[in-house]
Structure formats: C-alpha cells, structure tokens
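Participant: I am attaching a structure below and will ask some questions about it afterwards.
The values are calculated or read from the model by the stated rules, or taken from the named source; none is laboratory data. Not measured: the values here are computed from a predicted model. So basically every Cβ, Gly included, is an ideal-geometry build from the backbone, and we count neighbours across all protein chains shown.
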Amino acid sequence: MKAIETALQGCFIIEPKIIGDSRGYFFESFNESKFAEAIKQEVHFVQDNQSFSSYGVLRGLHAQAGEYAQAKLVRVLQGEVLDVAVDLRKDSPTYLQHVSVVLSAENKKQLFVPRGFLHGFLVLSQTAEFFYKCDNFYNKDAEIGVKFDDPTLAIDWKIALDEMIISEKDQSLPYLNQLDR
C-alpha cells in the first residue's frame, strides 16, 4: 500500500499493491496496521457504507459535526467518480481548500478523508458503486453540509450542471457564508 498525501494536510490518496496474472488480480483493500503506518496515525473504522448511483448523481458536500465527526476511507467498486474533500478545519493551513481525485474500479485508488472535512462525489460513469469506511457512527442530528456549487470553493465538477442529478436535500444545503462555523 502506498499513501500519497494530497495538498490537504492529513488527506491521502491510497494506492494498493495489485498482484495480477492471467487469472485476474488480488489486492488487500484494507489492513489496519499497514494503513496506520502509511498515514502515520491510527484510525479505527466502525461502520461500512455502500451506495449505487447513475451518471451525473452528485452526493455532497456532507460531514458530521462535533463529537460525531467522521474520518472516511472511500473507494469505488464499480464505475468511476470524481471524489472531493474540502478542509473545514478552522485551524488548518489548508482551511477551505479542496482536493478532487478520480476514483474508479479500474484504478482501485482510495481516498482517506480525515475528520473535519466535507466530502462529496459525482458519478462520471454510467453507474457506480461507492464504498466507504467511517471511524464514527452516523448521527442524523450531527449532519452538516455545504452546497456543491459554493462560489468560495469553486469546485470543477467536470460535467455541466444540466447533466447533474442532485437530491432536494443537497440542493437546499447552505453556502459557506450561511454555515454556522
């Protein structure tokens, strides 16, 4: 496993070691001790989540606040997504900066999103299965979010707005300047 720190402190792209031959391939998608060594911190994941979406579905930007904040290790089992993490940690040198990475079943990359980050993804393929581990349990009352097209963030989502499918809930999220930070 190779961990590459992104421009955002504590946020890593994880590249697995893939062993392939004429029969197919094998890789270790997660190993707690190797993961901790690679990112130089211990993270204990307690919940796995999976979603299925079609082309243009945008989910995000979401986080959980306070004691319910979650770190996530995300990957794509089928298809391709543009995955985005936004640093919402006020004391961070990369506060309000974002990183985006294409995650796919083909490249098998993962993204580690630390606590204190907003997270979202957009499906670039016909369909995609998205899988993620969380280090804290979901709590509906701790949900926070920021609208995907916030001008302060200026995220390039790679497809036109009229091709996006966005839930009413995500469309009604506040902009950063409306968020109680």
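Participant: Those residues that are closer than 28 Å to residue 140 by Cα and among the β-branched types (Val, Ile, Thr), I need them from the stretch 18-72; list them, please.
Facilitator: Hits for the stretch 18-72 are 43, 46, 57.
Participant: Quick one: residue 154 ticks every box in (1) farther than 30 Å from residue 16 by Cα; (2) in contact (Cβ under 8 Å) with a residue 24 or more places away in the chain except a single one, so which number is it?
Facilitator: (2)
Participant: Continuing with the same structure: Residues that are more than 20 Å from residue 39 (Cβ to Cβ): which strands (runs of 3 or more DSSP E) entirely in the stretch 74-155 hold 2 or more of them?
Facilitator: Numbers: elements: 80-87, 98-104, 110-113, 117-123, 127-134, 143-145.
Of the strands (runs of 3 or more DSSP E) lying wholly inside the stretch 74-155, those with at least 2 residues that are more than 20 Å from residue 39 (Cβ to Cβ) span 80-87, 98-104, 117-123, 127-134, 143-145.
Participant: Return the pair list, or none, for Cβ contacts closer than 7 Å from residues in the stretch 104-118 that are within 14 Å of residue 82 (Cα to Cα) to residues that are among the polar types (S, T, N, Q), at least 6 apart or on different chains.
Facilitator: Going by the 7 Å Cβ cut-off, the qualifying pairs are 105/78.
Participant: Related question: Out of the residues in the stretch 41-77 meeting the condition of being among the charged types (D, E, K, R) and surrounded by fewer than 17 Cβ atoms within 10 Å (Cβ to Cβ), tell me which one is modelled with the lowest pLDDT. Can you show your working first?
Facilitator: The initial filter retains those residues of the stretch 41-77 that are among the charged types (D, E, K, R), namely 42, 48, 59, 67, 72, 75.
Those still in the list that are surrounded by fewer than 17 Cβ atoms within 10 Å (Cβ to Cβ) too: 42, 48, 67.
Numbers: 42: 94, 48: 97, 67: 97.
Out of the qualifying residues, it is 42.
Participant: Would you call residue 173 under 15 Å from the mean Cα position of the chain (by Cα), of a type in the set (A, V, I, L, M), closer than 21 Å to residue 72 by Cβ and buried (at least 18 other Cβ atoms within 10 Å of the Cβ)? I'd like the intermediate steps shown before the answer.
Facilitator: Working: under 15 Å from the mean Cα position of the chain (by Cα): no; of a type in the set (A, V, I, L, M): yes; closer than 21 Å to residue 72 by Cβ: yes; buried (at least 18 other Cβ atoms within 10 Å of the Cβ): yes.
No, not satisfied.
Participant: Among 131, 148, which is over 21 Å from residue 29 (Cα atoms), within 14 Å of the chain's Cα centre (by Cα) and not charged (D, E, K, R)?
Facilitator: Numbers: 131 fails: over 21 Å from residue 29 (Cα atoms).
Of 131, 148, the one residue that is over 21 Å from residue 29 (Cα atoms), within 14 Å of the chain's Cα centre (by Cα) and not charged (D, E, K, R) is 148.
Participant: It is to be established whether one or more residues within the stretch 61-81 are at positive phi and not small (Gly, Ala, Ser).
Facilitator: Scanning the stretch 61-81 turns up no residue that is at positive phi and not small (Gly, Ala, Ser).
Participant: Could I ask something else about it? List pairs: first residue in the stretch 121-144 and in contact (Cβ under 8 Å) with a residue 40 or more places away in the chain and buried (at least 16 other Cβ atoms within 10 Å of the Cβ), second residue among the acidic types (Asp, Glu) and not in a strand (DSSP E or B) anywhere in the structure, Cβ distance under 7 angstrom, at least six positions apart or on different chains.
Facilitator: From residues that are in contact (Cβ under 8 Å) with a residue 40 or more places away in the chain and buried (at least 16 other Cβ atoms within 10 Å of the Cβ), there are no pairs.
Participant: Okay, moving on. Show the residue pairs meeting these rules: Cβ distance below 7 Å; 6+ apart or different chains; first residue within the stretch 1-23 and more than 11 Å from residue 111 (Cβ to Cβ); second residue part of a strand (DSSP E or B).
Facilitator: What qualifies is 1/14; 2/15; 5/12; 7/99; 18/25; 19/25; 19/26.
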